[in-house]
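This is the structure I have questions about; it appears just below.
The values are calculated or read from the model by the stated rules, or taken from the named source; none is laboratory data. Quantities reported herein were computed from a predicted structural model and do not represent experimental measurements. Backbone-built Cβ (ideal geometry, glycine too); neighbour counts: all protein chains shown.
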Amino acid sequence: MTQHLIIGGGPVATNAVETIRQFDAAAKITLVSDEPAHSRMALPYWLAGQVPREHTHTADAAYWQKLQVDARIGLRATQLDVPGKRVTLSDGSAVAFDRLLLATGSTPAPLPIPGADLPGVQHLWTLAQTESLLRIADAKPRPRVCLIGAGFIGFIMLNAMYKRDWHLAVVEREAHVLPRMLDAGAAAIVTQWLTDKGVALHCGASVKRITQSADGSKSVELDHGDKLDADAVIIGIGVRPNVELARAAGLKTDVGILVNDQMQTSAPQIYAGGDCAQAAVLFSDKPEVLAIQPTAVDHGRVAGASMAGQNVSCAGSLNMNVLDCCGLQCVSFGNLGTAQTEAMTISNPADNVYRKLLWQGDQIVGSIFVGRANDVGMLTDVGMVKGILQTQTPFGEWKKYLAENPFDIRRPYVATKVAHKLAQTTLLGRPAKARGYRFGNAQPTTRVGPFHGIYVNTQ
Ligand SMILES: Cc1cc2nc3c(=O)[nH]c(=O)nc-3n(C[C@H](O)[C@H](O)[C@H](O)COP(=O)(O)OP(=O)(O)OC[C@H]3O[C@@H](n4cnc5c(N)ncnc54)[C@H](O)[C@@H]3O)c2cc1C
């Protein structure tokens, strides 16, 4: 009987476990995670008060039992012995494996400035950090929060805090917000939108130090002298893949743990995926770390199937960021522009509309969209462009058509049979199965909130 060991409790780990079980009912599976299995992507909904903490969880003891998984929650893997095929845990015990999956995720980068260790200055990445910010907010009716770093994940949390009507300020070192997700034109529209919503943006500024006064409130001092008052300071300046276990054991690493299309590391019996792995990416000629949920899910499923002896592969993930920015939708996919790409851009800041298609020859290799949630056209076009990118469909003569009719993606989408190609695409050679876990056996319900546009007629 094969012994599988999974380190981690995020989407890579849960998807891998479920996939192994689909292919092998008898294998022994052990999972070690220092946090309960949960989805970090769900943390903003908890922070916004839209769901209770438990809804962020993706498995519980009963579910692990149902899948016959020996789940060791609350323990860390501290050492990996590759030739001995053993992992040592934080309680001193050791677990042997035939196949191991490193699903250790990433850790937010520290901010090396005075005051970064003050109470109330924190990252917003884990269950514990979300809880600690909610505790600060409980003590103040409308807390003042200063977010350092205007990146994708930081802005997801900004959106949650905006829903709570907190006082918000953002400091970003680069010249514009969302520097790795949007170009300057799209970011200018987002900047105006956020400013109109009362979010104070400070781009092109660095934080010099954070100080605290006797009543516990903070002062965030910028390099050009401005000072921002805050009850809490959130550091969101990027993440680093958790590669230490792999690196110390002699596995090949670069920024992340290097893996092939089967998610296999340099040691064939050891796999890695998600935020900790550096793998093939669509429209890039080198492997990259794509620290996003869809990549984590795909990696987990491919790693699990590979570990269970299936011949599958993940030939490249699509870089995708989809963000509700306080009511303005921002999306980017793929390659956001290089010397080799050619751009088609439509910009109408007065109407909060921005669209950019990036081409290499007759193929779309990337795109940026900004628009309001009730712009149905934009939202359907976003879906179609994602499919075009995922199928890597060349457009031939339709490129000229799009240059003349930039809002009509539907015709080339249909003509080049993208939907047909998508319908035939599966990651594991068969349709995906629904997850077997729902917290409290809850069934899906729909609540129409203020952030639903008029196009979502769910009643
Ligand atoms: C607030 C927030 C919102 C997000 N929203 C989005 C979004 O909208 N869209 C999107 O695409 N992505 C989003 N992401 C990113 C997404 O959540 C991650 O890409 C994804 O969680 C990565 O999955 P993973 O399994 O690789 O790692 P993780 O989910 O980080 O899971 C790794 C787990 O392993 C545990 N672990 C690590 N080392 C050890 C060890 N040595 N021993 C035991 N356990 C260990 C960690 O504590 C952690 O629980 C968001 C992230 C955050 C923080």
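Restricting the search to the stretch 358-376, which residues are outside any strand (DSSP E or B) and farther than 20 Å from Leu422 by Cβ?
Gly361, Ala373, Asn374, Asp375, Val376 - these are the residues of the stretch 358-376 that are outside any strand (DSSP E or B) and farther than 20 Å from Leu422 by Cβ.
Does Arg76 count as out of contact with any strand residue (DSSP E or B) (no Cβ under 6 Å at 6 or more places or on another chain), within 13 Å of the ligand (Cβ to nearest atom) and not assigned by TED's automatic domain parsing to the domain that holds Gly154?
Yes: the conditions hold for Arg76.
Taking Leu251, is it under 24 Å from Leu111 (Cα atoms) and surrounded by 16 or more Cβ atoms within 10 Å (Cβ to Cβ)?
For Leu251, the condition - under 24 Å from Leu111 (Cα atoms) and surrounded by 16 or more Cβ atoms within 10 Å (Cβ to Cβ) - is not met.
Among (1) farther than 20 Å from Glu288 by Cβ; (2) touching a residue at least 24 places away in the same chain (Cβ under 8 Å), there is one condition Ile237 misses while meeting the rest; what is its number?
Ile237 satisfies every listed condition except (1).
Continuing with the same structure: Sort through Leu118, Leu100, Leu134, Leu178 and tell me the only one that's within 20 Å of Gln50 (Cα to Cα) and either touching a Gly at 6+ places or on another chain (Cβ under 7 Å) or of a type in the set (A, V, I, L, M, F, W, C) (or both).
Going through Leu118, Leu100, Leu134, Leu178 in turn, the sole match is Leu134.
Let me ask you something else. Quick one: would you say Gln50 is of a type outside the set (Asp, Glu) and over 30 Å from Leu228 (Cα atoms)?
When the stated conditions are applied, Gln50 does not pass them.
Given the criteria under 18 Å from Asn319 (Cα atoms), touching a residue at least 40 places away in the same chain (Cβ under 8 Å) and of a type in the set (S, T, N, Q), does Gln363 qualify?
For Gln363, the condition - under 18 Å from Asn319 (Cα atoms), touching a residue at least 40 places away in the same chain (Cβ under 8 Å) and of a type in the set (S, T, N, Q) - is not met.
Checking the structure you have, find out if any residue of the stretch 181-203 is under 20 Å from Ala291 (Cα atoms), in a helix (DSSP H, G or I) and within 16 Å of the ligand (Cβ to nearest atom).
Scanning the stretch 181-203 turns up no residue that is under 20 Å from Ala291 (Cα atoms), in a helix (DSSP H, G or I) and within 16 Å of the ligand (Cβ to nearest atom).
Still on this structure: Just to be sure I understand, how many residues within the stretch 116-138 are touching a residue at least 12 places away in the same chain (Cβ under 8 Å) and part of a loop (DSSP other than H, G, I, E, B)?
8
Which of the residues spanning the stretch 174-208 are polar (S, T, N, Q), farther than 28 Å from Pro112 by Cβ and touching a residue at least 12 places away in the same chain (Cβ under 8 Å)?
Gln192
Would it be correct to say that Ala350 is away from the ligand (no atom under 16 Å from the Cβ), part of a loop (DSSP other than H, G, I, E, B) and free of Cβ contacts under 8 Å to residues at least 12 places away in the same chain?
The answer is no for Ala350.
What are the residues in the stretch 7-42 that are in contact with a strand residue (DSSP E or B) (Cβ under 7 Å, 6 or more places away or on another chain), farther than 16 Å from Phe97 by Cβ and near the ligand (Cβ under 6 Å from one of its atoms), if any?
Gly9
Follow-up. Can you go through Ala187, Ala139, Ala128, Ala116 and tell me which one is under 26 Å from Ile368 (Cα atoms) and either outside the structural domain of Met263 (by TED's automatic domain parsing) or in contact with a Phe, Trp or Tyr (Cβ under 6 Å, 6 or more places away or on another chain) (or both)?
The match here is Ala187.
If you take just the helices (runs of 4 or more DSSP H) that sit entirely in the stretch 3-115, which of them hold at least 1 residues that are closer than 30 Å to Gly440 by Cβ and among the acidic types (Asp, Glu)?
Fully inside the stretch 3-115 and qualifying: 11-23.
Same structure, new question: Filter the stretch 145-173 down to residues that are within 21 Å of the chain's Cα centre (by Cα) and free of Cβ contacts under 8 Å to residues at least 40 places away in the same chain and give me whichever is nearest to the ligand (Cβ to nearest atom).
Val170
I'd like to check something: does the stretch 267-276 contain any residue that is touching a Leu at 6+ places or on another chain (Cβ under 8 Å), in contact (Cβ under 8 Å) with a residue 12 or more places away in the chain, aromatic (Phe, Trp, Tyr) and more than 16 Å from the ligand (Cβ to nearest atom)?
no
Condition first: part of a strand (DSSP E or B) and more than 13 Å from the ligand (Cβ to nearest atom). Can you find one or more residues in the stretch 297-318 that meet it?
No - not one qualifying residue is present in the stretch 297-318.
Right, next: Would you say Ser332 is within 21 Å of Thr425 (Cα to Cα), modelled with pLDDT of 95 or more and not in a loop (DSSP other than H, G, I, E, B)?
no
Taking only the stretch 126-141 into account, find how many residues are surrounded by fewer than 20 Cβ atoms within 10 Å (Cβ to Cβ), within 20 Å of Val171 (Cβ to Cβ) and modelled with pLDDT of 95 or more.
The qualifying residues number 1.
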